[in-house]
Amino acid sequence: MRHKRCGWYFNSRILIFPVSILSLIFILGYCHFPEAQEETFDILLRSEETPAPPGPPAVHDTPYDSGESITIQWELSSDDGAGKNHVTGYDILRSETRDGEYQLISSVTKGVKEYVDTSTKDKVDYYYRVRARASEFFADSSPSEAVQSKQQWYNPERSNLLAIAVILSFFIILYISRAKRGKKLFIRRIAGLEAVDEAVGRATEMGKPILYVPGIQDLDDVQTVAGITILGSLAKTIAKYDTKLDVPVSRSMVLAAARETVKQSYLSAGRPDAYSDDIVHYVTDEQFGYVAFLDGTMVRNKPAACFYLGSFFAESLILAETGNSIGAIQVAGTAQPAQLPFFVAACDYTLIGEELFAASAYLSKEPRALGSLKGADAGKVIALMFIGLGVTLETLRVLTGSPAIAKASDFIIRLVSLRF
Amino acid sequence: MYGLQVWIGALLTLMIFSFLYKDNPFYKFAEHLFVGVSAAYWMVVGVWGTMVPNMLAKIHPPLVRNVLPALATAEPEFHYIIPCILGILLLTRLITPIAWLSRWALAFIIGYTAGVRFSRYLQSDFIGQIKSSLIPIISVGDGGFSIGMTFSHIVLTVGVVCGLIYFFFSKEHKGAFGAASRVGIYILMVTFGASFGYTVMARISLLIGRMSFLGEWLGVIAGWFS
Amino acid sequence: MSVVEKLGNVDRRIIFLLIALAVIIPLVFNISFMEHPSPIVQTIFDKIESLPNGSKILLPFDYGPSTAPELEPMATAVTRHCCKKNHKMYIMALWPTGQAQALRVIEDVIEEEFPEKVYGTDYVHLGYKAGGYGLINTILADLKKMYTTDAEGTHIDEIGMMSDVQNLRDFAFICNFSAGFPGLKEWVQFAGDPGDIPVAGGTTAVSAPLLYPYYPRQMLGLMGGLKGAAEYEAALVHGYPEYEKVYQRAIAIMGPQAIAHLVIIIFIIIGNITFFIEKKRAKKSD
Amino acid sequence: MRRRIPIIITFIVGTALIMAMFIPHTPFSSLDENLSVYFDIIAVFAFILGGGNLLRVHLEKIQKKKRDWQFSIVTVVGFLFMLIIGFFKVGGPPGLSGDFLAEGSWFRFMFEAVFNPLQATMFSLLAFFVASAAYRAFRAKTKEATILLIAAFIILVGRTPIGHYFTSWLPKQLDFLHVPTLASWIMGWPNTAGQRAIMIGIALGVIATSLRIILGIERPYLGAEK
């Protein structure tokens, strides 16, 4: 017990390094924000109604994007909101030569001082003028500097995301490599998975088949991939017991992947003779067509155990209730939060959210896979640290009203914002 | 034509409902019809909705001039040859000697899945949910300190923390840690109970829709007799 | 077998039959109940009610025909309310199927019930634009960049009520009707939060629990499923008694739902009573 | 060779997509979008595998006169009929130019008369199952089940008109015990806490699984052996 606790503290201490590195990155990247605008007053000769022109536009390539975009900013005309106050809007004019003909690209209403032109070609010089309009009268600003749009190779607004991704990956890979070197890892019991052997055993005793449903989504969902990986482990056990396995799928690509997996499992269990291509078969891509088929199969073949592991939607409860009516042992697992309540209510065992992803590692007993679970736990420690720190600072902010704490708190919130 | 459509629809509806009593030939008929028709439906949608506009029209636009004239004059985008090759690789499964090539296509797809989901979940669920949890425990509303809101905030914070502790895999759930994990599972149970209860009503409205449809059909029949 | 045991293990088919009856009987006899708006719905009503006449309200329709039974009643009730308050309505869609749904509401509510409303002055239909949440992100800064015309192709500058709309920040309130992605969540994340614009809306009952996390800090209110729609209708009837005689669709459909709900509640109570009696008996016989 | 190349493909595709999160430059900027189109296209190729398999299974059933083989005829006929009228756009606008779901086409008719009612009816079965599941599951058997039951019960009652009358007599100070208020509170706070913990957990699970896939530790397409 004592020993374990030491391990725990040790792990938390490791976290201090990346967190301080993280903070450093952000402090360094703190001030990279756009240029201040110059104030210029270009007063031209004009008639009574002609508005004062806006200041010459400040132009720059829109930062951190994939090109083809230039940001134009200008000082409002002195007749916009003040002076004669009759400016109704601005036109944005563009030309490829400074003194060439300027073409209208867009118009904006009064009070606006920024426009993003997304109709540019990269690496071409552009000049902009902004025209203040007051009914039929107008006044143009002097032209801007030449500007080009270009693509950037790095988006610093996501530095925080990069740092978090790196830290998470670092821990996962760290524990994977530790496990590979033979360090023993403790992994807690996952109730739903302990039931797997029981379910397979019961089906064997009763001489009834096992139904395995890897969800209704295609291979572009990680849950489906997890479902197929678990099927791989399960199929090995089933092959040894010589029980009948039935895997109807609702996607053609899942058919291909699941077949490959089941075949390999039977091979590595030393039972290639028991394998047949009929184990995995395609039904239909249609959600409820698939459900209609599964319901029919369940009441006709009366499987002793039903596994629903993957991504499920509304059909979750239809399957679980039908499975229950035939008295099958049911093990479900999904990372669709909206469907978990139905599985929890109607199945014998449910793998809740993350447990589905842990299951494949748990069942494979592969040290590297188990290591990744510990890595994900480090991710939880990071999440808890952020929450602990953020909640404390926010509470202190409310209690003290101190601007220093407010600043610190805002910084923590920025660290977990999508736009750093 | 509409009358025929209502009749077919109504009979199929009744066939499916008959399953609630027990499995029977009517249900088997509807089920088998549904499987065949819907499998073909999605294939047709795949070909006309994806294959033609997103692959053929991209690789060689003039090919689709009779089908989608609007796309026939576009510039070809040759990189769409890649999914075409991968698709054909996938089909090598059918030719035993080179069936192993299909794994390349599967490897590509699974790599895509892993990469895309990594980014999406990191942004929207991991970072996004942490950010929403950063709230003060003590709530001061317009009228000063609010006991109710403070209590709610405490429930939220403790709930998230304990819920996360429940998901720890590499540490034994014992002692204080075990207690927190118990609280976590209770919070999850409240969540599940609440979501279940909340959804019950929505599910019933689907049935109302079907019943109204059958009512419409009975109206058609009654119309004949009056 | 005793009565208790029988009740404890009642045949599923009896439950099925009772649910079917609970739906059919009220449907045939038109049974309905008066709803009472809960705070999370009432806040939406109060917001629209308290805005000064002629405020700009954005109504994005992000759903298709399959979820219309749940979402159309709310869209109808909110649109009605906006018309009553003479707010300016800006209708748009992030879903390709949303445009047709919006048209239905425009025809059935605005044109039918409020013939005095003028297109381009009182309401405008901007139609569907692709881009999902990216679109929200763009129009938060510049609406006219994406919307150069309305749904019918009229240039935006020819529409009077568009002249003083530059971006999403010009709207006093966004009330979204959504059936999934992109939808209310994205409106909160990409418009409400960054732009500090009041956002509320309605969703299907299934997705509502996932949206509660945003209430009330990031989202003003939420109508969840038909129940939410019925509550809004009730708020409307309460505020505008002239609607008492008008058919309120969600309230009407709520009749069978409420009865089926009651049946389920009764079942749960019976289930637990029998469970406890059995447990006591088992203890005694030990 | 046969085993290594797929692992390399997965690694490259997965890593490129994760990098794309931070690189606005082409080709990374549109990688995610392009690959999702690629995925859809490959899925259409895969239909040949799926459809072929469906036909094979049912034809074999008919040939060997297995149990319920008569119904397999329904599947095969429905499948082929729907496929043909869909591919050739039978009954729609002349030629292949119209939409495959165009008004008046046979495909549209089958969609409206067969596909739609079957789908809606299957979906509506949920109303019955939600009731039977609630009856069975909402019993106070264990501590967890009791919590589930209580939360579900409050929400259920709170969402019916009786919920309002049940506690509307409560004095103003005890308003927080009013059932609809309580239901709202459960949805807003403990429910949120649970959802959040689940979502953060799922995000970490997806991230760890994605990394296992990218690093070649988990490779379902190669089978489970080491």
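Against the definition (facing chain D (nearest Cβ under 7 Å) and in contact with a Cys (Cβ under 8 Å, 6 or more places away or on another chain)), how does B:Met55 come out, yes or no?
Details: facing chain D (nearest Cβ under 7 Å): yes; in contact with a Cys (Cβ under 8 Å, 6 or more places away or on another chain): yes.
Criteria met by B:Met55.
Identify, please: which residue in the range A:355-391 is in contact with a Lys or Arg (Cβ under 8 Å, 6 or more places away or on another chain) and of a type in the set (Asp, Glu) and is, among those, surrounded by the fewest Cβ atoms within 10 Å (Cβ to Cβ)?
A:Glu366
Would you check if D:Gly163 is open to solvent by less than 20 Å² (accessible area, probe 1.4 Å), more than 8 Å from every other protein chain (Cβ to nearest Cβ) and in contact (Cβ under 8 Å) with a residue 12 or more places away in the chain?
Numbers: open to solvent by less than 20 Å² (accessible area, probe 1.4 Å): yes; more than 8 Å from every other protein chain (Cβ to nearest Cβ): yes; in contact (Cβ under 8 Å) with a residue 12 or more places away in the chain: yes.
So D:Gly163 passes the test.
Within the range C:29-54, can you find the residues that are crowded, with 18+ Cβ neighbours inside 10 Å and not aromatic (Phe, Trp, Tyr)?
If the condition is that a residue be crowded, with 18+ Cβ neighbours inside 10 Å and not aromatic (Phe, Trp, Tyr), then C:Ser32, C:Glu35, C:His36, C:Pro37, C:Ser38, C:Ile40, C:Val41, C:Gln42, C:Thr43, C:Ile44, C:Lys47, C:Ile48 are the ones that fit.
All but one of (1) open to solvent by 20 Å² or more (accessible area, probe 1.4 Å); (2) in a helix (DSSP H, G or I) hold for B:Arg203; which doesn't?
Unmet for B:Arg203, out of (1) open to solvent by 20 Å² or more (accessible area, probe 1.4 Å); (2) in a helix (DSSP H, G or I): (1).
To keep it simple, each residue is scored yes or no on (1) out of contact with any Leu (no Cβ under 8 Å at 6 or more places or on another chain); (2) in a helix (DSSP H, G or I); (3) among the basic types (Lys, Arg); (4) modelled with pLDDT of 95 or more.
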site: C:Ile44; (1), (2), (3), (4): no, yes, no, yes
site: C:Ile57; (1), (2), (3), (4): no, no, no, yes
site: C:Pro60; (1), (2), (3), (4): no, no, no, yes
site: C:Ser66; (1), (2), (3), (4): yes, yes, no, no
site: C:Pro69; (1), (2), (3), (4): no, yes, no, no
site: C:Glu72; (1), (2), (3), (4): yes, yes, no, no
site: C:Val78; (1), (2), (3), (4): no, yes, no, yes
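Being within 16 Å of A:Pro337 (Cβ to Cβ) and either at the interface with chain D (Cβ under 7 Å from one of its Cβ atoms) or surrounded by fewer than 17 Cβ atoms within 10 Å (Cβ to Cβ) (or both): is that true of B:Phe126 here? If you could, list the steps in order and put the result at the bottom.
Numbers: within 16 Å of A:Pro337 (Cβ to Cβ): yes; either at the interface with chain D (Cβ under 7 Å from one of its Cβ atoms) or surrounded by fewer than 17 Cβ atoms within 10 Å (Cβ to Cβ) (or both): yes.
For B:Phe126, the condition - within 16 Å of A:Pro337 (Cβ to Cβ) and either at the interface with chain D (Cβ under 7 Å from one of its Cβ atoms) or surrounded by fewer than 17 Cβ atoms within 10 Å (Cβ to Cβ) (or both) - is met.
For the range B:71-86, check the following and say yes or no: at least one residue is over 28 Å from the mean Cα position of the chain (by Cα), within 9 Å of chain D (Cβ to nearest Cβ), within 27 Å of A:Glu286 (Cα to Cα) and surrounded by fewer than 18 Cβ atoms within 10 Å (Cβ to Cβ).
Checked the range B:71-86: no residue is over 28 Å from the mean Cα position of the chain (by Cα), within 9 Å of chain D (Cβ to nearest Cβ), within 27 Å of A:Glu286 (Cα to Cα) and surrounded by fewer than 18 Cβ atoms within 10 Å (Cβ to Cβ).
Hey, can you tell me all the residues within the range D:182-226 that are touching a residue at least 12 places away in the same chain (Cβ under 8 Å), at the interface with chain A (Cβ under 7 Å from one of its Cβ atoms) and touching a Gly at 6+ places or on another chain (Cβ under 8 Å)?
Residues satisfying the conditions are D:Ser210, D:Ile213.
Take the range B:139-188 and flag every residue that is over 20 Å from A:Ile352 (Cβ atoms), touching a residue at least 12 places away in the same chain (Cβ under 8 Å) and not in a helix (DSSP H, G or I).
B:Ser139
Specify which of the listed residues (A:Thr224, A:Thr204, A:Thr237) is open to solvent by 10 Å² or more (accessible area, probe 1.4 Å) and within 29 Å of B:Leu106 (Cα to Cα).
Values: A:Thr224 fails: open to solvent by 10 Å² or more (accessible area, probe 1.4 Å); A:Thr204 fails: within 29 Å of B:Leu106 (Cα to Cα).
Only one candidate qualifies: A:Thr237.
With respect to D:Ala46, is the statement that it is buried (at least 16 other Cβ atoms within 10 Å of the Cβ), at the interface with chain B (Cβ under 7 Å from one of its Cβ atoms) and in contact with a Ser or Thr (Cβ under 6 Å, 6 or more places away or on another chain) true? So that I can check it myself, show each step before the final result.
Numbers: buried (at least 16 other Cβ atoms within 10 Å of the Cβ): yes; at the interface with chain B (Cβ under 7 Å from one of its Cβ atoms): yes; in contact with a Ser or Thr (Cβ under 6 Å, 6 or more places away or on another chain): yes.
For D:Ala46, the condition - buried (at least 16 other Cβ atoms within 10 Å of the Cβ), at the interface with chain B (Cβ under 7 Å from one of its Cβ atoms) and in contact with a Ser or Thr (Cβ under 6 Å, 6 or more places away or on another chain) - is met.
Name the residue, out of C:Ile25, C:Ile40, C:Ile57, C:Ile44, that is more than 14 Å from chain D (Cβ to nearest Cβ) and within 21 Å of the chain's Cα centre (by Cα).
Working: C:Ile25 fails: within 21 Å of the chain's Cα centre (by Cα); C:Ile40 fails: more than 14 Å from chain D (Cβ to nearest Cβ); C:Ile44 fails: more than 14 Å from chain D (Cβ to nearest Cβ).
It is C:Ile57.
For a quick check of your reading of the model, give me the residue pairs whose first member lies in the range C:79-93 and is polar (S, T, N, Q), whose second is in a loop (DSSP other than H, G, I, E, B) and surrounded by fewer than 24 Cβ atoms within 10 Å (Cβ to Cβ), with beta-carbon atoms closer than 8 Å and at least 6 apart or on different chains.
Close Cβ pairs satisfying both conditions: C:Asn86/C:Asn53; C:Asn86/C:Gly54; C:Asn86/C:Asp122.
With the requirement that a residue be surrounded by 14 or more Cβ atoms within 10 Å (Cβ to Cβ) and within 12 Å of chain D (Cβ to nearest Cβ), what does the range C:1-12 give you? Steps first, please.
At the first step, the residues of the range C:1-12 found to be surrounded by 14 or more Cβ atoms within 10 Å (Cβ to Cβ) are C:4, C:7-8, C:10, C:12.
Within the range C:1-12, C:Leu7, C:Gly8, C:Val10, C:Arg12 meet the criteria.
Looking only at the range B:58-70, count how many residues are more than 10 Å from chain D (Cβ to nearest Cβ) and in a helix (DSSP H, G or I). Spell out how you get there, then give the answer.
Applying the first criterion (more than 10 Å from chain D (Cβ to nearest Cβ)) to the range B:58-70 yields B:59-63, B:70.
Subsequent filtering for residues that are in a helix (DSSP H, G or I) retains B:59, B:61-63, B:70.
The qualifying residues number 5.
Among the residues of the range C:261-273 satisfying the criterion of being at the interface with chain D (Cβ under 7 Å from one of its Cβ atoms) and not aromatic (Phe, Trp, Tyr), which is nearest to the chain's Cα centre (by Cα)?
Of all residues in the range C:261-273, those at the interface with chain D (Cβ under 7 Å from one of its Cβ atoms) come to C:261-262, C:264-265, C:267-268, C:271-272.
If we keep only those that are not aromatic (Phe, Trp, Tyr) too, we end up with C:261-262, C:264-265, C:268, C:271-272.
Working: C:His261: 20, C:Leu262: 23, C:Ile264: 24, C:Ile265: 25, C:Ile268: 29, C:Gly271: 33, C:Asn272: 34 Å.
Looking at residues that are at the interface with chain D (Cβ under 7 Å from one of its Cβ atoms) and not aromatic (Phe, Trp, Tyr), I get C:His261.
Among what's in the range D:129-144 and is facing chain A (nearest Cβ under 9 Å) and open to solvent by less than 40 Å² (accessible area, probe 1.4 Å), pick the residue that is farthest from the chain's Cα centre (by Cα).
D:Phe138
For residues that are assigned to a loop (DSSP other than H, G, I, E, B) and more than 10 Å from chain D (Cβ to nearest Cβ), scanning just the range A:338-363, find the one that is nearest to the chain's Cα centre (by Cα).
Step one: filter the range A:338-363 for residues assigned to a loop (DSSP other than H, G, I, E, B), giving A:338-339, A:347-348, A:353.
The next check asks that each one be more than 10 Å from chain D (Cβ to nearest Cβ); those that pass are A:339, A:348.
Working: A:Gln339: 20, A:Asp348: 31 Å.
For the range A:338-363, the residue satisfying everything is A:Gln339.
Go through (1) closer than 16 Å to D:Ile5 by Cβ; (2) surrounded by fewer than 21 Cβ atoms within 10 Å (Cβ to Cβ) and name the single condition B:Ser102 misses.
The failed condition is (2).
From the residues in the range C:169-187 that are modelled with pLDDT of 90 or more and of a type in the set (A, V, I, L, M), which one is surrounded by the fewest Cβ atoms within 10 Å (Cβ to Cβ)? Before the answer, list the steps.
Of the residues in the range C:169-187, the ones modelled with pLDDT of 90 or more are C:171-178, C:184, C:187.
If we keep only those that are of a type in the set (A, V, I, L, M) too, we end up with C:172, C:174, C:184.
Working: C:Ala172: 17, C:Ile174: 25, C:Leu184: 31.
Once the filter is applied, the top-ranked residue is C:Ala172.
Out of the residues in the range B:167-200 that are open to solvent by less than 40 Å² (accessible area, probe 1.4 Å) and β-branched (Val, Ile, Thr), which is nearest to the chain's Cα centre (by Cα)?
Across the range B:167-200, the extreme among qualifying residues is B:Thr199.
The values are calculated or read from the model by the stated rules, or taken from the named source; none is laboratory data. Just so we're clear, the structure is a prediction, and the values are computed from it rather than from any experiment. Cβ: placed from backbone, ideal geometry, glycine included. Neighbour counts: every protein chain shown. Ligands, DNA and RNA are excluded from the accessible area calculation, which covers all protein heavy atoms including side chains. Shrake-Rupley method; radii C 1.70, N 1.55, O 1.52, S 1.80 Å.
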